Every structure is written in structure tokens, then in C-alpha cells.
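Some notes on the structure that comes next.
None of the figures in this text is laboratory data; all of them are computed from the coordinates on show. Just so you know, these numbers come straight off a predicted model, no measurement behind them. Cβ: placed from backbone, ideal geometry, glycine included. Neighbour counts: every protein chain shown.
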Amino acid sequence: MRSIMVLNAKGGCGKTTLATSIAAYFANEEPGATVTLADYDPQQSASDWLALRPADRAPVQGLRAYEEGLKHLDRNSDYLVIDAPARIHGPELTKLLKHAETVVVPVLPSAIDINAVARYIDELMNSGKVLRKEVKVAVVANRVKENTKIYDFTQNFLDEMQVPFLTSLRDAMNYHRAFARGLGIHELPPYLAWPDWEQWEPLIKWLRSKRSQP
């Protein structure tokens, strides 16, 4: 089972947006594969997205992990995508990481968020499973407005971190459009979403590579 977790201690950084689009991507790209989206966030946003998902789209199984963890996980799932809760540290972080082999950390382009995520990534990189190289971590800049000073600052800061900085995803209405329809970003029409697809390409390439797996 391929397990991918979207993780950041800060709420509102777009974890659910990434998790739902990653789940939808693999459901579409590998017909017949079983994809499970585990919603660990008590806000239940990923579960809300699943409730909106049309029946004629590639199926994604839902798991309300905020209630009972992965107790009812279909062990035959090919992909497990985990939407992690905010404000998770210490023993709770260690416990959650047991279920992941790949972690994607979305970062908002602001000085406050960057400083916070730097400390969080330091905690993450010093957790036992990461130190043992049993999980791979990468960073994505999210909700980016290009050609701004904070964008340049964010790019430079993330480039200097000791984890792969994969790509920057623009602040676009397409993500709201997709969520409201229970879709992933790759399921929107090409004429709308091709710029977003291009920005996602480095993330998808990394997720499909051996570099993202222990």
C-alpha cells in the first residue's frame, strides 16, 4: 500500500486541497486501483469533499479517521492518502507518522508561516521514522501570488531548506471550483486548469518516483 500524508501543524495552509487532488489524481491515473482518503481532521473537510464527489467519477473511498484512526482501513487499498489534522506535535506526530512513507508539507507564503514551518520541519526531520529514512518529506508552496516580494522571499527560503522544495501552486479559484464539485484539480477542464496542471507536474513526478519512497 502506497501511503502519502499531507501534513502541517498550521491550519488553513491547504492540506485538504492537496490531499483531495492527490487522491483524485491516482484514482484517475490508475483505473481499478483502490484509493482511500483518510480524514484525520475534526473539521471533516475531506469528508465533505467526498460527499460532494459525483458517482460517475473515479471512485475514492473515504475513512473518517478522526473518529477511529485507521481501524476500518481497507487493507487491500493501493493508495492511502492522509489529510492530517493541524496542531499535531510530539507523541501524536510520531504516532501518525507510523502510517506514512511520504509526507508533503504545504507552506503559505508569509513570514509568519515560513518561520513556523521551519520549526515544524525541524521537529519532523528529527522524528524517529524520518531519521531512520523510513519516510520521505518534501515541501510545496501553496496559494502563491507570483511577482510579489513575499513570493520571492518564500522561494529563496524554501530553496535553502534541507528538504526538497518541489513547486509553487498559485492562489486560484480553480481549487475552490474543484472542491465545491467533489473534484481534484486534474479533473477540471483543460481550458480552465492547464496552468495548475503545469504547476502540479513536479509534485506528481516526485510522488511517482522512488525518491519519494523509503
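Can you sort Met5, Met173, Met125 from fewest to most other Cβ atoms within 10 Å of each residue's own Cβ?
On the way: Met5 24, Met173 8, Met125 13.
Exposure proxy ranking, most exposed first: Met173, Met125, Met5.
Relative to the Cα centre, what is the charge dipole magnitude of the range 79-204, using +1 at the beta carbon of each Lys and Arg, -1 at the beta carbon of each Asp and Glu, and rounding to the nearest 20 debye?
360
Quickly estimate the mean residue ellipticity at 222 nm for the chain, helices only: each DSSP H run with n ≥ 4 gives -39500 (n - 2.57), and the total goes over all residues, rounded to 500. Please list the in-between numbers first.
On the way: 9 runs with 91 residues, N = 214.
Mean residue ellipticity, 222 nm, calculated: -12500 deg cm²/dmol.
Counting only the backbone N, which residues of the range 111-143 are under 14 Å from the spot 7 Å out from the Cα of Lys98 toward its beta-carbon?
Only 128-129 fall inside the zone, counting backbone N under 14 Å.
Pop a pseudo-label 7 angstrom from the Cα along the beta-carbon direction at both Arg181 and Gln44 and give the gap in nm to one decimal.
Computed distance between label sites Arg181 and Gln44 equals 2.5 nm.
Round to the nearest 0.05 the FRET efficiency obtained for Asn115 and Asp74 when R0 = 41 Å and r is the Cβ-Cβ distance.
Working: r = 39 Å, r/R0 = 0.96.
FRET efficiency, Asn115 to Asp74: 0.55.
Given a Förster radius of 35 Å and the C-beta distance between Trp194 and His89 as r, what FRET efficiency does 1/(1 + (r/R0)^6) yield to the nearest 0.05?
Given R0 = 35 Å and the Cβ-Cβ separation, E is 0.35.
Hey, can you grab everything whose amide H is under 5 Å from the amide H of Val139? Only 5+ residues off in sequence or another chain; H modelled, so Pro and N-termini drop out.
Hits under the 5 Å cutoff: Val105, Phe165, Leu166.
Taking θ as phi - 60°, what are the ³J(HN,Hα) couplings along the range 59-68 by the Karplus curve (6.51, -1.76, 1.60), each to the nearest whole Hz, with x for Gly and Pro?
Whole-Hz 3J(HN,Hα) from phi for the range 59-68: x, 10, 6, x, 9, 7, 5, 5, 8, 9.
Mind checking the dipole of the chain: about its Cα centre, +1 per Lys or Arg Cβ, -1 per Asp or Glu Cβ, Debye to the nearest 20?
Working: 26 positive and 26 negative charges, 73 e Å.
Rounded to the nearest 20 debye, it is 340 debye.
Once you keep just the Cα pairs under 8 angstrom separated by 6 or more residues, what percentage relative contact order results for the range 2-206?
Details: 363 pairs, mean separation 52.3, N = 205.
Computed value for the range 2-206: 25 percent relative contact order.
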